[in-house]
Amino acid sequence: MTRDSRASATRPLASIMRKYYEIMRVSLQSSLVYLYDVVFRALFLVVVIFIFVQLWRTTYGTTGSTMVAGLTLRRMIWYLVLTESIILSRPRKILEISDDVKSGAIAYALGKPYSYILFHYFRFLGETAVRFPVNLAVGGLIASAMVGPMDASLVSLPAVALAVLAAITIDFFLSMAIGLLAFWVEDTTAFFWIYEKMLFTIGGMLVPLEIFPPLLQRISRALPFNLVVYGPARLLVDFSLDGFVGLMVRQVVWGVMLLAVAHIVFWFGAKRVSIHGG
Amino acid sequence: MSRRWYGRVWSNARFVVAHLALNLQAAMEYRASFISQIVGMMLNDAIWIFFWFVFFARFKVVKGWEFSDVIMLWAVLTVAYGIATGIFGNALRLSKIIAEGGLDFFLGLPRDVLLSVLVARLNISALGDLLFGLILFVFAGTLTLGGVALFFLVCILAGSVIVSWFVLVNSLAFFMGSSENLSMQMLNALLSFATYPFPIFSGPVRFLLFTLIPAAFIGYVPVMILKGANWWFILGLTAFAVGLGLFARFVFLWGLRRYESGNLVIVRV
Amino acid sequence: MNVIEVHDLNKRFRFKRKQSGVWASIRSVIRPEIHEVCAVKDIGFSVSQGEALAFIGPNGAGKSTTIKMLTGILHPTSGEASVLGFVPWQERQRLAFEIGSVFGQKSQLWYHLPPLDTFDLLSHIYEIDRRAYRRRRDRLVELFRVEDLLKTPVRKLSLGQRMRCEIIASLLHGPKVLFLDEPTVGLDVVAKQRIRDLISLLRKEESLTIFLTSHDAGDIKELCRRVIVIDRGEVILDNEVSYLRRRYLRTKVIDLKLETIPDAVELEGVEVLKQKGYGMKLEVDTSRRSIDHVIEEIVARLKVADITISDPPLEEIIALIYARGNDRREERE
């Protein structure tokens with residue numbers, strides 16, 4: 001039996017990287033087909049930001065101060081624009097992955113020469129690369145119209161972009177690990193909700209962590225959820241180099257840990273695959 | 001056929017109950033899913049209460065609304081939503097059903113089309129909402145006979161507004177083809193506006209919430225009734241619920257004449 | 001040389017069972033009954049290079065489970081198998097480079113994009129050299145006559161067109177074994193024929209080994225020489241397709257067109273399947289009477305305008321084999 005060189009363990013790294021790059025490109029292309037839908041869905045942000053402006057304008061008025069949690073009203077709203085954009089850009093990976101597991105479709109992916117987890121990661125990047133800019137633009141427009149344009153320094157933007165990338169990466173590996181629980185649990189919908197609501201609350205989507213009572217603040221900061229939402233948003237409205245470096249370190253450490261967790265869950269899951277075959 | 005009106009009501013009620021029983025039975029087939037959807041939805045709701053807890057811990061009162069008012073608001077909303085989408089589960093998916101020609105089946109039944117399609121599916125997570133709302137009410141509500149009766153009355157009225165609104169916006173599918181996205185936006189808008197204290201909104205927005213997006217009728221008005229039991233509020237809510245119900249039904253039946261049936265090819269994705 | 005070898009392969013699944021009724025539902029929520037089923041039981045066979053094998057059986061017989069084990073997707077409960085020298089469930093990724101699969105029910109083309117985009121992506125996924133890829137793709141595209149479809153989004157293709165693209169997608173990397181699971185399901189007669197012709201052409205040209213599961217007797221007849229029948233997880237037959245006919249064909253079918261409407265006909269060893277007007281359909285049990293004798297007798301007794309003698313269709317033979325499998329089991333039990 002002659003085995004092809006491709007099948008050997010030492011494949012060139014370049015062709016492997018190219019493989020995942022192409023997955024991302026095709027995914028982006030495919031997402032662009034629904035651009036109209038994406039824009040339409042982003043209109044939900046108009047409602048959300050509109051309500052938030054009402055709520056916070058009233059609240060700032062009630063407290064009588066110009067600063068809440070170290071933020072002006074304008075920055076508070078821009079903080080929310082970024083958190084909401086991150087949240088609304090998330091494809092429903094948990095449900096998608098668990099559907100894959102339950103329907104047995106994951107089996108077909110197992111028969112392909114790529115890592116299932118990385119395939120979905122790059123596909124996820126492709127999808128998010130379409131949704132996030134659209135959401136940010138829509139949210140940014142309504143915010144600019146209601147409270148004025150973002151007034152933080154533009155120099156910080158590349159750093160914020162990097163933090164957002166790290167944030168959605170953490171979100172992806174967490175979602176993947178949770179979605180793969182479908183190997184053991186019939187329905188992961190509840191986990192999906194709980195995780196999502198963790199992001200909404202202690203992740204900091206609805207309010208910056210500074211508003212929390214002290215104990216809760218400590219808990220939130222110890223968990224990874226704030227790195228997905230609060231971290232990059234706070235960086236946008238309150239940039240400092242120290243803040244950026246601190247965030248990056250925590251994001252990378254958590255990212256690597258969650259990457260490992262997702263792979264371990266996958267490994268155990270794949271071992272006990274039981275596709276209902278006929 | 002000259003059956004008395006109450007005969008028809010009785011027959012339809014039995015029809016609804018039969019569906020409910022069957023749907024519940026089917027739902028329990030998937031053990032973990034059943035439980036986790038209910039518990040999941042309760043946690044989901046709880047986390048919003050948590051948000052308001054954090055918010056009011058910091059700001060105490062916002063335009064006369066306190067934490068207890070928001071609890072009452074959530075109690076009404078979750079019970080109303082739970083009743084509405086628990087029994088009429090397909091209200092959430094009606095536009096999809098219309099656009100994909102899914103009404104064919106229901107048109108073949110010897111029953112009212114709208115009722116048949118609405119009750120054909122149970123939204124399991126709605127049971128979680130219902131349970132959650134009841135728990136909130138036990139903690140925050142007036143636990144007298146009159147208090148409980150009034151609570152359920154406003155919840156049923158608010159639930160009826162929710163179902164009617166869902167039917168109304170989903171009926172757009174008759175006129176626009178695939179309106180799923182638009183309908184979903186309208187549903188989200190209604191629920192989003194309803195979950196915030198009404199006084200934070202300014203004049204023109206308040207007008208909007210009593211008319212185009214009637215969020216005030218499912219959140220603000222019921223809470224005001226429970227707080228003060230002003231007869232005008234009760235009368236207004238009842239009138240609106242009945243009016244919107246009739247209007248939604250009229251629009252649905254009107255749209256039904258333009259229904260294009262199931263010429264859609266089911267694609268395999 | 002054997003490309004696929006399977007020995008004593010077993011796979012057991014566990015699942016929940018419940019009785020009907022509200023109470024049973026509630027009970028199953030609290031304490032489910034766990035049952036175990038044996039999806040695949042001690043099966044063994046081998047397939048040599050370039051062979052085309054039909055792997056058939058009724059629904060739930062264990063076909064998909066076997067394929068999934070052979071492609072490394074499922075771990076067996078026990079037993080051995082090797083595909084192209086690999087143990088599938090241990091060397092799944094390496095094996096993946098060498099095999100292709102087409103699942104009629106599951107698309108690998110990106111729904112919103114033209115097939116060409118998926119082809120390009122697959123070329124990277126399978127790490128195919130650029131020039132070799134383009135050469136291979138162009139050849140397959142020409143062979144399958146899909147030049148005009150390459151730039152049309154998949155969602156706009158007909159099922160037959162899509163299926164041709166699916167097969168190209170699974171052949172781009174030049175697999176040595178092709179697993180086909182219901183490749184013609186849902187297609188019309190012309191499209192089915194087209195797919196079959198292409199597959200047999202490829203098999204001859206590339207000495208591709210074909211492992212086919214299908215409920216369509218036409219697929220089996222036209223693509224495969226050998227057939228394995230599996231039922232309730234066990235191999236109940238492994239032989240040439242032509243043997244099926246010889247072994248199981250104890251009957252012939254005679255279609256008659258008569259000049260007069262006959263009275264009731266009774267012939268020894270012959271069963272009247274259908275009689276309507278001038279037409280008549282008979283089944284002859286050739287183990288009891290030779291076909292010559294029957295025809296002589298018919299011609300002597302009736303005024304025959306036209307006569308056709310044929311074998312019963314393959315579907316019936318397969319149905320017969322499944323049924324005998326059932327009988328055997330019942331005897332044992």
Trypsin sites (Lys or Arg not before Pro) restricted to DSSP loop in region B:9-61 with at most 15 other C-beta within 10 Å: B:60
Once the Cα atoms of region B:5-256 are picked out, what are the Rg and Dmax in Å? 18.3, 57
With the crude spin-label approximation of a point 7 Å out along Cα→Cβ, what separation in nm comes out for residue B:192 versus residue C:261? 7.7
Compactness of the protein assembly as shown - radius of gyration and Dmax, Cα, Å: 32.9, 115
Show that you can apply the helix-only estimate: for chain A, add -39,500 (n - 2.57) for every DSSP H stretch of four or more residues, divide by all residues, and state [θ] at 222 nm to the nearest 500. -24000 deg cm²/dmol
Return the ratio Rg/(2.2 N^0.38 Å) for region C:142-272, where Rg is computed over Cα atoms only. 1.46
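Count charges around residue B:96 for me, please; just the other residues with Cβ under 13 Å from its Cβ, Lys/Arg as +1, Asp/Glu as -1.
Numbers: positive: B:93, B:121; negative: B:100, B:180.
Within the 13 Å Cβ shell, the charges total 0.
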Going by Cα centres, region C:26-95 and region A:38-115 are how many Å apart? 43
Cβ-based net charge around residue A:185, under 12 Å, with every Lys or Arg adding one and every Asp or Glu removing one: 0
Which net charge results when you count Lys and Arg as +1 and Asp and Glu as -1 among the other residues whose beta-carbon is under 15 Å from that of residue A:71? +2
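Kindly state, to the nearest 0.05, the FRET efficiency for residue C:12 paired with residue C:205, given R0 = 41 Å and r defined as their beta-carbon distance. Spell out each step's value before the answer.
Details: r = 40 Å, r/R0 = 0.99.
Approximately 0.50, to the nearest 0.05.
Please work out the FRET efficiency for the pair residue B:142 and residue B:6, using the Cβ-Cβ distance as r and a Förster radius of 45 Å; give the result to the nearest 0.05. Could you put the intermediate results ahead of the total?
On the way: r = 32 Å, r/R0 = 0.72.
E between residue B:142 and residue B:6, to the nearest 0.05, is 0.90.
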Can you list the lysines whose alpha carbon sits under 30 Å from that of residue C:276, skipping same-chain ones fewer than 8 residues off? C:252, C:257, C:303
17 Å reach of a label modelled at residue B:202, 7 Å along Cα-to-Cβ, counting backbone N of region A:52-88: A:52-62, A:73-74, A:77
Residues in region C:290-313 near a label at residue C:275, defined as backbone nitrogen under 18 Å from the 7 Å Cα→Cβ point? C:294-308
Report, to the nearest 10°, how far helix A:73-89 tilts away from the longest principal axis of the Cα atoms in chain A, using its own Cα long axis and a range of 0 to 90°. 20
Using only Cα atoms, find the angle between the long axis of helix C:291-301 and the longest principal axis of chain C, and express it within 0 to 90 degrees, rounded to the nearest 10. 40
0 to 90° range, to nearest 10: angle between helix B:145-170 axis and chain B longest Cα axis: 50
By a straight-distance test (C-alpha under 29 Å), which lysines pair with residue B:227 as possible cross-link partners, with residues fewer than eight away in the same chain excluded? B:60, B:63
Whichever lysines have a C-alpha closer than 30 Å to that of residue C:63, once near sequence neighbours (fewer than 8 apart) are set aside: A:102, A:112, A:271, C:11, C:16, C:18, C:41, C:106, C:176, C:192, C:204, C:221
Rounded to the nearest 0.05, FRET efficiency between residue B:230 and residue A:63 (Cβ-Cβ, R0 41 Å) equals 0.85
The simple spin-label model distance between residue B:107 and residue C:185, using points 7 Å out along Cα→Cβ, in nm, is 3.0
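Any idea what diffusion coefficient region A:14-271 gets from Stokes-Einstein, in µm²/s, Kirkwood Rh on alpha carbon pairs, 25 °C, 0.890 mPa s? Let's see the in-between values first.
Values: Rh = 19.2 Å.
For the chosen part, D equals 128 µm²/s.
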Given C-alpha coordinates of chain C, what is the ratio Rg to Rh with the Kirkwood estimate of Rh? 1.07
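Ratio of alpha-carbon Rg to the 2.2 N^0.38 Å globular estimate for region C:250-310, to two decimals, please.
So the Cα radius of gyration is 1.00 times the expected 2.2 N^0.38 Å.
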Can you pull the one-decimal nm distance between simple spin-label points at residue C:316 and residue B:15, each 7 Å off the Cα toward Cβ? 4.9
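None of the figures in this text is laboratory data; all of them are computed from the coordinates on show. Computed from a prediction, not measured in an experiment: that's the story for all the values here. Glycine also receives a Cβ, built like all others from the backbone with ideal geometry; neighbour counts cover every protein chain displayed.
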